[in-house]
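Novice: If you scroll down you'll find the structure; I have some questions about it.
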Amino acid sequence: MATVAETKEIFNQKGLKLQIDVQDDFEIVSIDPVERYTYPGGGIHYLFKITYIDEKGNELYDLYPCDGKIIRREPLFKLKEESAKLSRLEPLPFRDRLEFDNEEEVIAFLEEAIKHLLIDKGYEQMEKDGCDLYFEKNKRGYFINLTQRCNKDAINRANEIIKLRGEYGSGHDYGLVVPALQDFLGITLLAQENWYREHGEYLSAHRVTVMAVNNFDPNLIFPFTIYPREREMARYLVHTGPQWSILRNKYLSSKKKISVT
């Protein structure tokens with residue numbers, strides 16, 4: 001994750017002044033645009049909802065203005081171009097359906113996807129008790145658990161990871177990996193999103209990153225809580241996060257068409 005100071009510098013390089021009055025060493029969790037206005041002559045105004053972690057580890061948010069002038073006619077974030085540069089390995093094959101034949105196939109799919117991503121980011125898979133998967137990069141570990149559904153079982157699996165954080169400390173990263181869409185497993189999208197809202201603050205406070213793998217594209221993994229501290233993984237998730245709404249809207253649209261017919 002970038003600090004407040006680093007985030008300000010990124011915006012400055014784009015000709016924008018981000019007016020955020022919190023400590024420069026606080027870490028930014030997310031930046032979501034609320035308003036955007038453009039003015040004659042190239043001036044531009046944003047209002048961002050910015051979520052950050054304070055010195056006590058609390059996840060807080062507020063609204064902050066940003067003003068300036070876009071010098072180059074380029075978007076601030078070029079998702080497609082940047083995402084294409086994020087992968088070094090050959091991409092995993094796409095799937096042509098939402099469902100899986102059984103729960104074992106779901107877990108195998110999640111394992112293949114997160115393993116491919118972490119190896120692509122320079123991690124090496126190693127053995128470690130207490131979690132489903134463990135990887136290391138420059139002596140920094142990544143502890144991972146896998147689960148099919150966002151329900152009580154998922155929070156139990158997350159608590160296993162939190163227990164490991166208590167044992168190994170904050171110098172490592174911790175994650176819980178789930179399918180992006182779980183209707184076929186009996187968890188509606190509404191129930192899934194309610195689970196994120198109910199447990200997101202708790203998991204972020206314990207630095208557990210919930211990552212959801214696109215059912216159709218295992219190369220696309222979305223974050224739903226705090227970003228990991230490791231730079232390459234955080235950068236990847238910053239770019240994939242906004243793409244969740246695209247999958248979500250397409251899925252809801254397809255369900256409406258089915259219900260109409």
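The values are calculated or read from the model by the stated rules, or taken from the named source; none is laboratory data. What you see is a predicted model; the values in this text were computed from it and never measured. Quick reminder, even Gly has a Cβ in these numbers, built from the backbone with ideal geometry, and neighbours come from all protein chains shown.
Novice: Take segment 20-52 and flag every residue that is farther than 23 Å from A234 by Cα and in a loop (DSSP other than H, G, I, E, B).
Specialist: As a first pass, look at segment 20-52 and keep what is farther than 23 Å from A234 by Cα: 21, 35-47.
The answer is D21, Y39, P40, G41, G42.
Residue by residue, here is whether (1) more than 28 Å from K128 (Cβ to Cβ); (2) out of contact with any strand residue (DSSP E or B) (no Cβ under 9 Å at 6 or more places or on another chain); (3) modelled with pLDDT of 95 or more holds:
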site: A158; (1), (2), (3): no, no, yes
site: K163; (1), (2), (3): no, yes, yes
site: Y168; (1), (2), (3): no, no, yes
site: H172; (1), (2), (3): no, no, yes
site: V178; (1), (2), (3): no, no, yes
site: L190; (1), (2), (3): yes, yes, no
site: E193; (1), (2), (3): yes, yes, no
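Each row is one residue, and each column tells you yes or no for (1) of a type outside the set (K, R); (2) in a loop (DSSP other than H, G, I, E, B).
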residue: P93; (1), (2): yes, yes
residue: I107; (1), (2): yes, no
residue: A154; (1), (2): yes, no
residue: R157; (1), (2): no, no
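Novice: State yes or no: is R235 out of contact with any helix residue (DSSP H, G or I) (no Cβ under 8 Å at 6 or more places or on another chain), at pLDDT 95 or above and closer than 24 Å to H116 by Cα?
Specialist: No, not satisfied.
Novice: Turning to a different aspect of this structure: Quick check: anything in segment 7-19 among the polar types (S, T, N, Q), closer than 21 Å to R229 by Cβ and either in contact with an Asp or Glu (Cβ under 6 Å, 6 or more places away or on another chain) or at pLDDT 85 or above (or both)?
Specialist: yes
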